[in-house]
Amino acid sequence: MTPGLLFFILLGFLILFGWYLATDLGSRKRWLAFALAIVALGIAIGQAYPPREKIHLGLDIQGGTRFLIQLVQADKDKGLSKSMLDQAVEVIRKRVDQFGTSEPIITPVGADRIEVQIPGLSTETIQQAREQLSKVAKLEFRMVYPDGGELLKKIDAGEQITPPDYRIETYKHPAEGDEKPLEEKLLVKKKADLGGNHVRQSAAYYGNEGWTVQLGFDGEGAKTFGKITEANVGHRFAIVLDGAIQSAPVIRTAIYNGDAIISGKFGEQEARSLASVLENPLQTPVSIIEERSVSPTLGFDSIRASIIAGLAGLLVTMICVLLYYRFLGLIACLTLIVNLVLLIGALTMFRFVLTLPGIAGIILTIGLSVDASVLIYERLREELASGKSIKVAVQAAYDKAFSSIFDANVTTLITAAILFWKASGPVKGFAISLTVGILASLFTALIVGRNCVSWFVDTDKIKKVSMAHLISSQHINFLGKGLLACLFSLALILAGAGSFWVRGEKNFGVDFRGGDLLTLSSPNTIDVAQVRHALEPAGLADASIQESAQGGKSYVTIRTPLDTRDQVKRQIAQNLPGGEFKVEGSEQVGALVGGELARSSLIALGLGILGILIFVTLRFELSFAVGAIVALLHDVLITVGAFSLLHRELTLTMVGAVLTIAGYSINDTIVVYDRIREGLASGRRGSIEQIMNESINQTLSRTILTSTVTLIPIIFLFFMGGAVLHDFSLAIIIGVVVGTYSSIFIASPIVLWWTRARGGNTSTLRREITQKTSPNPAIG
């Protein structure tokens, strides 16, 4: 699909959407909704097909290595300019090109760092890449044999031999347009006549002779360059970087002041590239402060396991929804499929990179998409039970459910947006998948699903709907059990905190603590005790070792102090030769980066909590915001504590899981709060306790159902998704269970206690809620 065609299709989609929102005629609205769905599906399928060519895979799936390089400036007072960083990127790009990999990504990060992603890099060449990227650049000026190339012709003809002080080098001229670059053989001195360390500055500019490169030497370099040019007027000299000729201009005249001009048939890019070489931005040491690599085998096994887990979770979820909601469940399944197609199409259209956490985000979207349908159908059940006709009940169900759906999804979007802003690498892929998935679920539930149900009802295709009922109307005094629930939660939090304190640094993975993480595979069963024993001679027996299985192989991950991975490889190979171990992945994070990642993660969590506090306060009231934040912190603390009790490590991926838990916790709590707000604003009689208990009981069935459909795909991901996403899915499972519990037993009692603590009562809270409540918006 060409960009022009896509533009006009999207423009047409916006026009249809505006028309849809503007019209009130039922039949026209349904046809417009049908057209919107068809256009959206057409765009998504057109963008995503064929998937092998259109979907861009991250390094953790296709295999490869990511380096984070820091430039060390000798003169700290001077600092690094943006141009110097850009020039360093170009030098590193040339070094990476020699590995022959497709589509490497080299981008500046911040003021003094460069991120290098090299896909498909084999384990054997990682060490070579590491050396190439971290070595100091070597810039030299060497004279070309001064005879205009006559000796070189004789050497090629076999009539002469190469002089001992010279060697034959190939100079690749920059390509012009679509033509292939020309290659020229030059007879160049082996020993440099002048070192690049004497270059003071260089710049490209457009002058009378076109694009020109200006070159300046320091005092000593100017003297040497003056002698060279005086003795070699009319001859060529080669500018060599890392052993490769970058340019070979002719010396026109002797230059004594140290300021030279290199002119020729330069294009802008060629001139700037040569100036970059002469500036030699990598003449000072650079250091690799972070390195992560995954073998193609591990990436393939992981994505295969994740896809199988996702499909299994999708199938079981759809079967459960069909059995419970019957005909309405069929529509919910249809909207779910449309949602997934739109999600994948959007990810492809905006060229987002698909990572393993991104796949986890797609799988999580399955549950969140069904959540909106469950909310609507449970509201429809209540409207029908009140004696309304099916047409009126459908309209009322969608109108009343909109507020809950909107508030719940906005809070999840807040955490996803902050995660995207503060995260890096594969975790950012999770934030993208989750954000797009939520937006797609809103479209499918409120437009596609609504108009499908309305068409069947308005045309009398169905005159009644039947659904199973998990929990009949109850009158449980949840607030009366609030104190007991809080004491139970406090005990869990204290147990987790105690474990966290005892384990200390062992709670943190290589992302935050710094160090080396090595992933090895074996066709045989791995005994952790044997691996630990094998590491004893190197003094690494206290390493953190975890074993897992995936794709018919056994995997072991070993976390050790910084710069010890080579020792680990040697010890394993020497002491366990029969294990047939193979390196599948490695990570190395410096202490500086680990500390930065920890601070960034805490900032992300803090901003997420602040954003939710502001939103809930604006939409509800401060008492509700306090209850929501307490419930959120409750869920996060118990999840982190559970990980410590289970002796699992906190990693960057876990930060994504924790922020997702925060969003889901609020999602569940908001639905309960929305019903409490509705009861208070409608003037329903009774005390705060009575209205809150009644609201929790009314939403109990929905709360358990949505938690169940969210858990189904994540449980499949936990058991079938492979070792890479095992801890991530475990955190989500714990968070969903704890979040469901807190939305029932923790959030509402906190609202009640906070209201009383500030001297309020039922009338006070009712008045504050009524002032904030406005007619529910809706998309119909």
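At least 2 residues being of a type in the set (Val, Ile, Thr) and more than 30 Å from Ala88 (Cβ to Cβ) is the threshold, and among the helices (runs of 4 or more DSSP H) wholly inside segment 1-70 those reaching it are 3-22, 26-48. Can you name every residue in segment 17-31 that is within 22 Å of Phe456 (Cβ to Cβ) and either within 35 Å of the chain's Cα centre (by Cα) or among the acidic types (Asp, Glu) (or both)? Selection gives Tyr20, Asp24. Does any residue of segment 130-140 turn out to be part of a helix (DSSP H, G or I), touching a helix residue (DSSP H, G or I) at 6+ places or on another chain (Cβ under 9 Å) and on the phi < 0 side of the Ramachandran plot? Checking segment 130-140: at least one residue is part of a helix (DSSP H, G or I), touching a helix residue (DSSP H, G or I) at 6+ places or on another chain (Cβ under 9 Å) and on the phi < 0 side of the Ramachandran plot. Would you confirm whether any residue within segment 633-647 is within 13 Å of Thr415 (Cβ to Cβ) and out of contact with any strand residue (DSSP E or B) (no Cβ under 8 Å at 6 or more places or on another chain)? Yes: segment 633-647 contains one or more residues that are within 13 Å of Thr415 (Cβ to Cβ) and out of contact with any strand residue (DSSP E or B) (no Cβ under 8 Å at 6 or more places or on another chain).
Does any residue of segment 756-767 turn out to be open to solvent by less than 10 Å² (accessible area, probe 1.4 Å) and modelled with pLDDT of 75 or more? No, every residue in segment 756-767 fails to be open to solvent by less than 10 Å² (accessible area, probe 1.4 Å) and modelled with pLDDT of 75 or more. Of the strands (runs of 3 or more DSSP E) lying entirely inside segment 508-560, those carrying at least 3 residues that are at pLDDT 85 or above are 515-522, 553-560. Taken residue by residue, segment 476-498 has at least one member that is open to solvent by 70 Å² or more (accessible area, probe 1.4 Å), polar (S, T, N, Q), farther than 30 Å from Gly551 by Cβ and touching a residue at least 60 places away in the same chain (Cβ under 8 Å). Checked against (1) under 30 Å from the mean Cα position of the chain (by Cα); (2) open to solvent by 30 Å² or more (accessible area, probe 1.4 Å); (3) at pLDDT 90 or above, Lys388 meets all criteria but (1). Filtering segment 679-693 to residues that are crowded, with 19+ Cβ neighbours inside 10 Å and modelled with pLDDT of 80 or more leaves Ile691, Met692, Asn693. For segment 315-363, filtered to residues that are at pLDDT below 90 and open to solvent by 40 Å² or more (accessible area, probe 1.4 Å), the residue that is nearest to Gly42 (Cα to Cα) is Met349. Set side by side, the residues Gly216, Gly196 differ, and just one is surrounded by 19 or more Cβ atoms within 10 Å (Cβ to Cβ) and modelled with pLDDT of 80 or more, which is Gly196.
Checking Ala44, Ala48, Ala37 one by one, the residue that is farther than 30 Å from Leu241 by Cα, open to solvent by less than 30 Å² (accessible area, probe 1.4 Å), modelled with pLDDT of 80 or more and in contact with a Ser or Thr (Cβ under 6 Å, 6 or more places away or on another chain) is Ala48 and no other.
If you go through segment 714-726 and keep only what is modelled with pLDDT of 85 or more and open to solvent by less than 30 Å² (accessible area, probe 1.4 Å), you end up with Ile714, Leu717. In the set (1) closer than 29 Å to Arg95 by Cβ; (2) open to solvent by less than 80 Å² (accessible area, probe 1.4 Å), the condition left unmet by Leu182 is number (2). Cβ-Cβ distances below 6 Å connect the following pairs, each with a first residue in segment 721-737 that is on the phi > 0 side of the Ramachandran plot and in contact (Cβ under 8 Å) with a residue 60 or more places away in the chain, a second residue that is polar (S, T, N, Q) and part of a helix (DSSP H, G or I), and a separation of six or more residues or different chains: Gly722/Ser302.
When Ile746, Ile696, Ile732 are checked against the criterion of being crowded, with 22+ Cβ neighbours inside 10 Å, modelled with pLDDT of 85 or more, of a type in the set (A, V, I, L, M) and under 26 Å from the mean Cα position of the chain (by Cα), a single residue qualifies: Ile732.
Looking at the structure I just gave you, is Leu121 of a type outside the set (S, T, N, Q), touching a Phe, Trp or Tyr at 6+ places or on another chain (Cβ under 8 Å) and part of a loop (DSSP other than H, G, I, E, B)? In short, yes. Of the residues in segment 101-110, at least one is modelled with pLDDT under 80 and at negative phi. Among the residues making up segment 282-325, a single one is in contact with a strand residue (DSSP E or B) (Cβ under 6 Å, 6 or more places away or on another chain) and part of a loop (DSSP other than H, G, I, E, B): Ser295. For segment 586-601, taking the residues that are touching a helix residue (DSSP H, G or I) at 6+ places or on another chain (Cβ under 9 Å) and open to solvent by 40 Å² or more (accessible area, probe 1.4 Å), the one that is modelled with the lowest pLDDT is identified as Ala591. Do we find a residue being part of a strand (DSSP E or B) and buried (at least 18 other Cβ atoms within 10 Å of the Cβ) anywhere in segment 99-109? Yes, segment 99-109 contains a residue that is part of a strand (DSSP E or B) and buried (at least 18 other Cβ atoms within 10 Å of the Cβ).
The values are calculated or read from the model by the stated rules, or taken from the named source; none is laboratory data. No experiment lies behind these values; they were computed from the predicted model shown. Reconstructed Cβ throughout: ideal geometry from the backbone, glycine too, with neighbour counts over all protein chains shown. Surface areas here come from the heavy atoms of the whole protein model, side chains and all, with no ligands, DNA or RNA. Shrake-Rupley method; radii C 1.70, N 1.55, O 1.52, S 1.80 Å.
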